[in-house]
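Note sheet for the following structure.
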Amino acid sequence: MIRRMAINPIPQFPAGFLWGVSTSAHQIEGAADQREPSVWDTFTAEPGRVKDGSTAAVACDHFHRYPEDVALLGGLGVDAYRFSVSWPRVNSPGGLDFYDRLVDELCSAGVRPVPTLFHWDLPARLQEKGGWLERDTASRFAEYVSVVAERLGDRVQKWITLNEPAEHTLFGHALGAHAPGKQLMFDALPAAHHQLLGHGLAVRALRAAGATDIGIANSHGPTWPASQEPADLEAAGFYDLLLNRLFADPVLLGEYPDGLGELMPGDVAADLKVIGEPLDFYGVNYYSPTKVGAPQGADIEFGGLTIPAELPFSVQEIEGVPVTDFGWPVVPEGLTELLTTFRDRYGDRLPPVVITENGCSYDGLDDQDRIAFLDGHVRALYRAVEAGVDVRGYFVWSLLDNFEWAEGYARRFGLVHVDFDDPATLTRTPKASYAWFSGLLRAQHAQQEEERRAGGAVTQE
């Protein structure tokens, strides 16, 4: 039984702070017959790849229902909407027309469009040529980014190059749990390097098109050692290197952590000059910390993923904290810890931070657990701001319940419920968390307006 608690008002964030929600193309758009296939179409066609056997051929049918979804954004009161552009759709006749219509609809609703240019849905024909394991894919990505920027750049100011290259490398290329389903273990590292190279080339392509507000969305979380024993500390240090620093250091410092650069293909020194192109903001996707210890000699099932015994670490349960329906630990203070750690680690090389994803999976329309989750994380974010971290925005994952990758439709991250049992209607129903977040935004915007007017009155005197 959910216990309702009175929640104190959330402190006021700085003027100009950007509030939004996030989605991704493959997870919501549907209309698979109006784009070329992606690696996820190939992956989900293989029996056993997705737990409920579903695909994203229809998903939320956002492709046809986007005016309804933009109206939900307007009702929510967000400043911005982070969505992704489908590379396979852009490659198809008329594909960019959809994003033209979407961006126009957003602008008309007073919602800032924030496109992510790659969210895991690589065109299948590029995967047939090697995908991200091949250097050429980075160049093809930059070409595609130029096409999108030329078309949408007159209305889009804020751009995100890649979403979570760490997860795409680990789940898609090392462990095989996501598309393209490769099980290469440490031989997956070229996919990491080529995604980062693609990011750098995309930054250059966007700059050439006149963009002035560019970032990346990397997933990060604190790594907590299982104990202070040397073996656990060593394992935790390696995990942090692999999941955090491998994808942050090259982008922010222009260098790989010690020992990793020599494992990468090509002229790494030259590539790092591209990868380290200066950014205007650094996107962080945060969900939880990870407790890591020495290998345990057997495969481990954790958070819907199998951690193979041969990896030099084990992922362990964080005891004494609540978990989401996905089994992920709920640790808001981990967000404060992460951001202050990044501030200390990267100093003035860390640009302003935007939380590009934060959310949780819970069933039900009266989702008080999600409200408590978001309330706790927004407060943790404010504590990071108080500690001096330059944070400029916060995006909830996600606007809609959607196709949750290898979990199919079993996990619900949305502020809005989608009735997948009735594919003819796919009825959208705002949850209690939608009303809560809308109230938070109204309060934040009202306070900002009050301060603006007060400032104006002082000026007039």
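Just name the residue that is most open to solvent (accessible area, probe 1.4 Å) out of those in the stretch 106-129 that are within 25 Å of TRP19 (Cβ to Cβ) and of a type in the set (A, V, I, L, M).
ALA109
Which of the residues belonging to the stretch 63-101 are of a type in the set (D, E, K, R), open to solvent by 20 Å² or more (accessible area, probe 1.4 Å) and farther than 25 Å from TYR434 by Cβ?
Of all residues in the stretch 63-101, those of a type in the set (D, E, K, R) come to 65, 68-69, 79, 82, 89, 97, 100-101.
Then keep just the ones that are open to solvent by 20 Å² or more (accessible area, probe 1.4 Å); that gives 65, 68, 79, 97, 100-101.
ASP97, ASP100 - these are the residues of the stretch 63-101 that are of a type in the set (D, E, K, R), open to solvent by 20 Å² or more (accessible area, probe 1.4 Å) and farther than 25 Å from TYR434 by Cβ.
Take the stretch 381-429 and flag every residue that is of a type in the set (Ser, Thr, Tyr) and either surrounded by fewer than 21 Cβ atoms within 10 Å (Cβ to Cβ) or assigned to a helix (DSSP H, G or I) (or both). Please lay out each step first, then the result.
Step one: list which residues in the stretch 381-429 are of a type in the set (Ser, Thr, Tyr), which gives 382, 394, 398, 409, 425, 427, 429.
Residues satisfying the conditions are TYR382, TYR409, THR425, THR427, THR429.
So which residues in the stretch 147-162 are open to solvent by 50 Å² or more (accessible area, probe 1.4 Å) and touching a residue at least 12 places away in the same chain (Cβ under 8 Å), if there are any at all?
Start the filter on the stretch 147-162 by keeping residues that are open to solvent by 50 Å² or more (accessible area, probe 1.4 Å), which leaves 147, 150-151, 154, 157.
The answer is VAL147, GLU150, ARG151, GLN157.
Could you list all residues from the stretch 67-125 that are within 21 Å of LEU441 (Cα to Cα) and basic (Lys, Arg)?
ARG82, ARG112
From the set of residues in the stretch 168-219 that are within 19 Å of VAL353 (Cβ to Cβ) and not hydrophobic (A, V, I, L, M, F, W, C), which is most open to solvent (accessible area, probe 1.4 Å)?
THR212
Which residues, taken from the stretch 363-380, are open to solvent by less than 10 Å² (accessible area, probe 1.4 Å) and among the acidic types (Asp, Glu)?
Matches in the stretch 363-380: ASP367 only.
Quick check on my filter: what residues within the stretch 224-262 are open to solvent by 30 Å² or more (accessible area, probe 1.4 Å) and under 19 Å from the mean Cα position of the chain (by Cα)?
ARG245
So which residues in the stretch 161-193 are in a loop (DSSP other than H, G, I, E, B) and either within 21 Å of VAL284 (Cβ to Cβ) or small (Gly, Ala, Ser) (or both), if there are any at all?
First, pick out the residues of the stretch 161-193 that are in a loop (DSSP other than H, G, I, E, B): 164, 175-184.
Across the stretch 161-193, the qualifying residues are GLU164, GLY176, ALA177, HIS178, ALA179, GLY181.
Which residues, counting only those in the stretch 266-276, are open to solvent by 40 Å² or more (accessible area, probe 1.4 Å) and either outside any helix (DSSP H, G or I) or small (Gly, Ala, Ser) (or both)? Break it down into steps so the answer makes sense when it comes.
First, the residues of the stretch 266-276 that are open to solvent by 40 Å² or more (accessible area, probe 1.4 Å): 266-267, 269-270, 273.
Matches in the stretch 266-276: GLY266, ASP267, ALA269, ALA270.
Condition first: more than 22 Å from the chain's Cα centre (by Cα) and in a strand (DSSP E or B). Now tell me which residues in the stretch 112-160 satisfy that.
Within the stretch 112-160, no residue meets the criteria.
Could you tell me which of the residues VAL378, VAL354 is of a type outside the set (D, E, K, R) and part of a helix (DSSP H, G or I)?
Values: VAL354 fails: part of a helix (DSSP H, G or I).
Within the list VAL378, VAL354, the selection yields VAL378.
Which of the numbered conditions does CYS60 fail, given that it passes all the others? Conditions: (1) farther than 27 Å from LYS182 by Cβ; (2) open to solvent by less than 20 Å² (accessible area, probe 1.4 Å); (3) touching an Asp or Glu at 6+ places or on another chain (Cβ under 6 Å).
Among (1) farther than 27 Å from LYS182 by Cβ; (2) open to solvent by less than 20 Å² (accessible area, probe 1.4 Å); (3) touching an Asp or Glu at 6+ places or on another chain (Cβ under 6 Å), the lone unmet condition for CYS60 is (3).
Tell me, which residue of the stretch 313-327 that is out of contact with any Phe, Trp or Tyr (no Cβ under 6 Å at 6 or more places or on another chain) and closer than 22 Å to ARG245 by Cβ is surrounded by the most Cβ atoms within 10 Å (Cβ to Cβ)?
SER314
The values are calculated or read from the model by the stated rules, or taken from the named source; none is laboratory data. Every value quoted in this text rests on a predicted model; they were computed, and no experiment measured them. Cβ: placed from backbone, ideal geometry, glycine included. Neighbour counts: every protein chain shown. Remember, those area values only see protein heavy atoms, side chains included, never the ligands or the DNA or RNA. Shrake-Rupley method; radii C 1.70, N 1.55, O 1.52, S 1.80 Å.
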